[in-house]
1. Can you tell which of A:A118, A:A35, A:A40, A:A81 is surrounded by fewer than 20 Cβ atoms within 10 Å (Cβ to Cβ) and either more than 13 Å from every other protein chain (Cβ to nearest Cβ) or at positive phi (or both)?
2. Suppose we keep only residues that are modelled with pLDDT of 90 or more and not in a loop (DSSP other than H, G, I, E, B) within region B:145-158. Which one would you say is farthest from B:A220 (Cα to Cα)?
3. Here are A:N73, A:N108, A:N89: which of them is at pLDDT 95 or above and either touching a Ser or Thr at 6+ places or on another chain (Cβ under 8 Å) or more than 11 Å from every other protein chain (Cβ to nearest Cβ) (or both)?
4. In region B:223-335, which helices (runs of 4 or more DSSP H) lie fully inside it and hold 3 or more residues that are surrounded by fewer than 15 Cβ atoms within 10 Å (Cβ to Cβ) and either among the basic types (K, R) or not assigned by TED's automatic domain parsing to the domain that holds B:L46 (or both)?
5. Tell me yes or no: at least one residue of region A:132-142 is closer than 17 Å to B:R12 by Cα, surrounded by fewer than 23 Cβ atoms within 10 Å (Cβ to Cβ) and touching an Asp or Glu at 6+ places or on another chain (Cβ under 7 Å).
6. Give all pairs with beta carbons closer than 7 Å in which a residue from region B:64-76 that is in the same structural domain as B:G257 (by TED's automatic domain parsing) and in a helix (DSSP H, G or I) meets a residue that is aromatic (F, W, Y) and crowded, with 16+ Cβ neighbours inside 10 Å; count only pairs at least 6 apart in sequence or on separate chains.
7. Give me the helices (runs of 4 or more DSSP H) completely within region A:37-138, filtered to those with at least 1 residues that are of a type in the set (F, W, Y) and touching a His at 6+ places or on another chain (Cβ under 9 Å), ordered by residue number.
8. Out of region B:97-143, which residues are surrounded by fewer than 19 Cβ atoms within 10 Å (Cβ to Cβ) and closer than 22 Å to B:Y247 by Cβ?
Amino acid sequence: MPGLPLACRDLRLGFALKGGGEHRLLDGASFDLPAGSALALTGPSGSGKTSLLHALAGLALPAGGSIRWGELNLPAQGEAARDTWRRGNLGLVFQDFFLIGGMTALENVLLPAWFDHARAPEALRDRAAALLARAGIQSPATRIEAMSRGERQRVALARALLRAPAVLIADEPTASLDAASGAAAAELLLQVAQESGATLLLATHDLALAARLPHRATLVEGRLEQTQ
Amino acid sequence: MTLAMNPWPIARAALRRRRGTVLALMLLVALATALGIGVGLMERGLRRGAAQAADGFDLLVGAPGSQTQLTLTAIYLQPDVVPLLPGAVLQRLQADTDVAWLSPIGFGDRWGSHPVVGVAPAFLTLGGRRPLAEGRAFAAEGEAVVGHAVPLKLGERGVPQHGLAHAHAEPHGHEHEEAGFTVVGRMPPTGTPWDWAVLLPIETVWEVHGLGNGHASEEAPLGPPWTVDPPGVPAVMVAPRGIAQAYQLRQRYRSDGAMAFFPAEVLVSLFRIGGDLRMVLSGMAAASTGLVLAAVFLSFAGLLAVRRQEFAVLRAIGAPRRFLLAAVWLEMAVILGVGAAAGFLLGWLGAALTAGTLGRAARVSITIAPSLAEAGLAAAILAAGLLAALLPALWAWRRPPAEGLQG
């Protein structure tokens, strides 16, 4: 699926503080990302990178402004419509993988297929197997608990890619991995994003990784600074 | 939009991850269900067995005294010293035109652990209403018809020991050689202690105890009328010609040294007393079932609370809320379904074992047959649980996904 372009206008993020007032994470940012391009999002801890990604994924609503993926203004959609949009367009990768324990690697990858199929279609089964092979997972029938952290993140990546999403959002995908595992996971992510033409948003502390992406932005004190 | 989905892998993974807890919860549900079902089954089995026991005993006539005691003695063959009904009343009864047939019930001897009871031939078939299981009715002294559970075959002989009546006079007991009997018939099962009894002609029981046989000659056919000074008997079972005659007979033999009553009425009033106890028991069973289900529900809600991250992740990667609802509900349904089904079988088995043990001890058969009521109870427990499971499922539904994703 070719990537979707992103256009944010006057995007404001923040949360109410106890005892009144509001903590602003993003104060009216407007930015664009062309379809199929890749943006690295950096910034100090607590600057709101994760909150921004959640808003872009439709998991949380911004305090104001618009987030347009293609023609669709995501925050204006209802909760069910945002679920549907994520299912059809988005692949999410988390710092802590968030795989489902008690299931095998293959089952974890096939999980998104079961959201709207009683039985995963043949094409998705083949794709799941191919993605796991590509991710270097030797035994897809192994329970996830028995896998190393590096393997788990590659399984999580395969899960995000199952439905060939137009948008990939990765929140610190290498932060909880050792250097070698992190590099392997990052390499795989960048490769598949480029091959599929998906629009990639990647939050990271790893400046070397950020440097490999064509667009970079830093979130600091409520402002988003683009650093080309 | 399509409603197709497959939440089973999520439910299965959750069941797997907490196998121990899940098994414990299933066991709790099973025990709660078994308790409710077992108590219900036992209660109904006892009630039905007791009602059956009075079947055939339309009207009992005995000497004035306790109706309850006479009922227990005549129907459950409980050995007890009861006052004897004078032979004169027996003579009046056998001449009464409202009586279809009658049979004295006379106790005395035992054969092994089996009571030997003297009756009239009509009693064996309830006046022709109930055929024998095999063989024929006794036609002469020295012949016997045995209860269904007596271990004697047709044609086998037995010799009763002097039992109850003379146990104190002759502590060692002696065999009544002259009262040896040959089995000629077997009664159908009745579910009462009568299944263990050896039935002899009442004339034999009288003669063994030196009371004559009530007939003018040795050749007279067995049974009424007993014309020559019949001895007193503990009870006479009377089959009236009709319902109106039954009430008239009861009225007629309520004085002059006699007491006539319907044993079914005595049993009903006995069960009415037991009814309050049953309600307490059923109430306690229902309460503990409810408590166990509440505990199961709370532990399940607790299990879900620690899984809020998993639900958030599912939402984040595109699961519709109904998928979460279905997964959580399915998981609870498995626990409840397996528990309730196992509990149904466990309750049935438990009630059957208890009934067997109790029944053997009392020589009463308690039939345990699950009915729609029990299946309904299991289904009600299941339905209540599934309905209750919607609450935590809805909780999972309502959580905003971003919340669960923060570390």
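The values are calculated or read from the model by the stated rules, or taken from the named source; none is laboratory data. Since this is a predicted model, take the numbers as computed values, not measurements. With ideal geometry, Cβ positions are generated from the backbone for all residues, glycine too; neighbour counts draw on all protein chains shown.
1. On the way: A:A118 fails: either more than 13 Å from every other protein chain (Cβ to nearest Cβ) or at positive phi (or both); A:A40 fails: surrounded by fewer than 20 Cβ atoms within 10 Å (Cβ to Cβ); A:A81 fails: either more than 13 Å from every other protein chain (Cβ to nearest Cβ) or at positive phi (or both).
Among A:A118, A:A35, A:A40, A:A81, only A:A35 is surrounded by fewer than 20 Cβ atoms within 10 Å (Cβ to Cβ) and either more than 13 Å from every other protein chain (Cβ to nearest Cβ) or at positive phi (or both).
2. My answer is B:V146.
3. On inspection, the qualifying residue turns out to be A:N73.
4. On the way: elements: B:243-252, B:263-305, B:308-316.
Because the criterion is at least 3 residues that are surrounded by fewer than 15 Cβ atoms within 10 Å (Cβ to Cβ) and either among the basic types (K, R) or not assigned by TED's automatic domain parsing to the domain that holds B:L46 (or both), the helices (runs of 4 or more DSSP H) in region B:223-335 that meet it are B:243-252, B:263-305.
5. Residues of region A:132-142 that are closer than 17 Å to B:R12 by Cα, as a first pass: A:141-142.
Going one step further and asking which of them are surrounded by fewer than 23 Cβ atoms within 10 Å (Cβ to Cβ), we end up with A:141-142.
With touching an Asp or Glu at 6+ places or on another chain (Cβ under 7 Å) added as a condition, the list becomes none.
So far as region A:132-142 goes, no, none of its residues is closer than 17 Å to B:R12 by Cα, surrounded by fewer than 23 Cβ atoms within 10 Å (Cβ to Cβ) and touching an Asp or Glu at 6+ places or on another chain (Cβ under 7 Å).
6. B:Q67/B:F261; B:A74/B:F57; B:I75/B:F57
7. Numbers: elements: A:49-56, A:79-89, A:105-114, A:122-134.
Here the list is empty.
8. B:T97, B:D98, B:A100, B:L126, B:G127, B:R129
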